[in-house]
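The values are calculated or read from the model by the stated rules, or taken from the named source; none is laboratory data. The structure presented is a predicted model; accordingly, all values stated were derived computationally and were not measured. Note: ideal-geometry Cβ built from the backbone for every residue, glycine included; neighbour counts use all protein chains shown.
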């Protein structure tokens, strides 16, 4: 019986030294990413089509219960969802939801939705953010 008690104490001590969920590498990356806490305004669709909407297309990311919450606009409709950041500057916009207002400039708004849903990697250069697709082609560029 005494050996059993000692084994239980050793097992419980091993559990106590594990890292709390709040200090996981993903949480640390989420809070330290230069993407988080900034408002990123769309300036280019692809490599040469400048944003021409009456309202800005933008997004921002903020931590929310262990996830990254995405809010923004496609220049017409409000957008919400989640974002996952990974190694190698990997980015995935998920659970995208949108209001459905009728606005002039709908084709560009649809392009913004497609740009975000196809984003695979990102690159930040000073105050610019470039999103790339899985084929490494530029999807669009944002500015802080």
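The residue that is farthest from residue 53 (Cα to Cα), among those in region 93-108 that are surrounded by 14 or more Cβ atoms within 10 Å (Cβ to Cβ) and modelled with pLDDT of 90 or more, is 93.
So, in region 111-144, how many residues would count as being in a strand (DSSP E or B) and out of contact with any helix residue (DSSP H, G or I) (no Cβ under 8 Å at 6 or more places or on another chain)?
Looking only at that region, the number is 13.
Each residue in region 50-69 was checked for being farther than 14 Å from residue 33 by Cα and part of a strand (DSSP E or B), and 5 of them qualify. The residue of region 50-71 that is surrounded by the fewest Cβ atoms within 10 Å (Cβ to Cβ), among those that are modelled with pLDDT of 95 or more and closer than 19 Å to residue 138 by Cβ, is 58.
The residue pairs whose first member lies in region 110-122 and is over 19 Å from residue 33 (Cβ atoms), whose second member is surrounded by fewer than 19 Cβ atoms within 10 Å (Cβ to Cβ) and modelled with pLDDT of 95 or more, and whose beta carbons are closer than 6 Å, counting only pairs six or more residues apart or on different chains, are 118/133. Only a single criterion out of (1) modelled with pLDDT of 95 or more; (2) within 21 Å of residue 82 (Cβ to Cβ) is not satisfied by residue 128, namely (2).
When you look at residue 34, is it modelled with pLDDT under 95, under 23 Å from the mean Cα position of the chain (by Cα) and in a loop (DSSP other than H, G, I, E, B), yes or no? Write out each step before concluding.
Values: modelled with pLDDT under 95: yes; under 23 Å from the mean Cα position of the chain (by Cα): yes; in a loop (DSSP other than H, G, I, E, B): yes.
The answer is yes for residue 34.
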